[in-house]
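Asks: This structure is in structure tokens; I'll ask about it shortly.
The values are calculated or read from the model by the stated rules, or taken from the named source; none is laboratory data. All values derive from a computational prediction rather than experimental measurement. Cβ sites come from the backbone with ideal geometry, for glycine too, and all protein chains shown count toward neighbours.
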Amino acid sequence: MPDQQDAPRPVGRRSLLLRLAGSLAAAVALVACIPGLATLFSPARRDKAGGWQPVGALADLKEGQLLRFRYSLRAGWEERAVTAFLLREGEQVVALSARCTHMGCIVRIEGEQLHCPCHGGIFSKQGEPLQGPVNRPLARLDCRVREGKIEVRA
């Protein structure tokens, strides 16, 4: 007759509940770790971040002309469109942010100036504040010309 000690013991209710609670806690901990793992491996997703994006040809931009353009900017896991302006001064090209330095509204071209529709701020075409509540110039973006193409750093 076989010994009773060698037979498998049935799992009791308390033991089963402890195992289920432990499994649930492990699952919750794993889900909580996902943002940390995403941050750890996010450089793989940032292949375009900080790169140069072509926004137009130098030949298409006339001397002293303001030109509105849009480019894509990756912000975390999403990509968003950003509005900006180009100004050609000789062979140099200046890229200006379209975001007003007063409250962040998008400025627009009106004649030879940039006007903020929110609070009446006016900027010169070089981005310098002229009138209204604005007291800082528009932000300048990194811009370069390579092989006749204008590029902006995203």
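Asks: Quickly run through the stretch 89-127 and pick out the residues that are assigned to a strand (DSSP E or B) and modelled with pLDDT under 90.
Replies: From the stretch 89-127, those assigned to a strand (DSSP E or B) are 89, 92-97, 99, 106, 108-110, 113-115, 122-124; that's our starting set.
Result: Glu89, Gln92.
Asks: Related question: Exactly one of these conditions fails for Ala84: (1) on the phi > 0 side of the Ramachandran plot; (2) assigned to a strand (DSSP E or B); (3) modelled with pLDDT of 90 or more. Give me its number.
Replies: Evaluating Ala84 over (1) on the phi > 0 side of the Ramachandran plot; (2) assigned to a strand (DSSP E or B); (3) modelled with pLDDT of 90 or more leaves (1) as the failure.
Asks: Could you tell me which residue of the stretch 66-112 is surrounded by the most Cβ atoms within 10 Å (Cβ to Cβ), considering only residues that are under 16 Å from Val152 (Cα atoms) and among the β-branched types (Val, Ile, Thr)?
Replies: Checking each candidate, the answer is Val93.
Asks: Go through the stretch 72-81 and give me each residue that's in contact with a strand residue (DSSP E or B) (Cβ under 7 Å, 6 or more places away or on another chain), among the aliphatic types (A, V, I, L, M) and free of Cβ contacts under 8 Å to residues at least 24 places away in the same chain.
Replies: The one that is in contact with a strand residue (DSSP E or B) (Cβ under 7 Å, 6 or more places away or on another chain), among the aliphatic types (A, V, I, L, M) and free of Cβ contacts under 8 Å to residues at least 24 places away in the same chain: Ala81.
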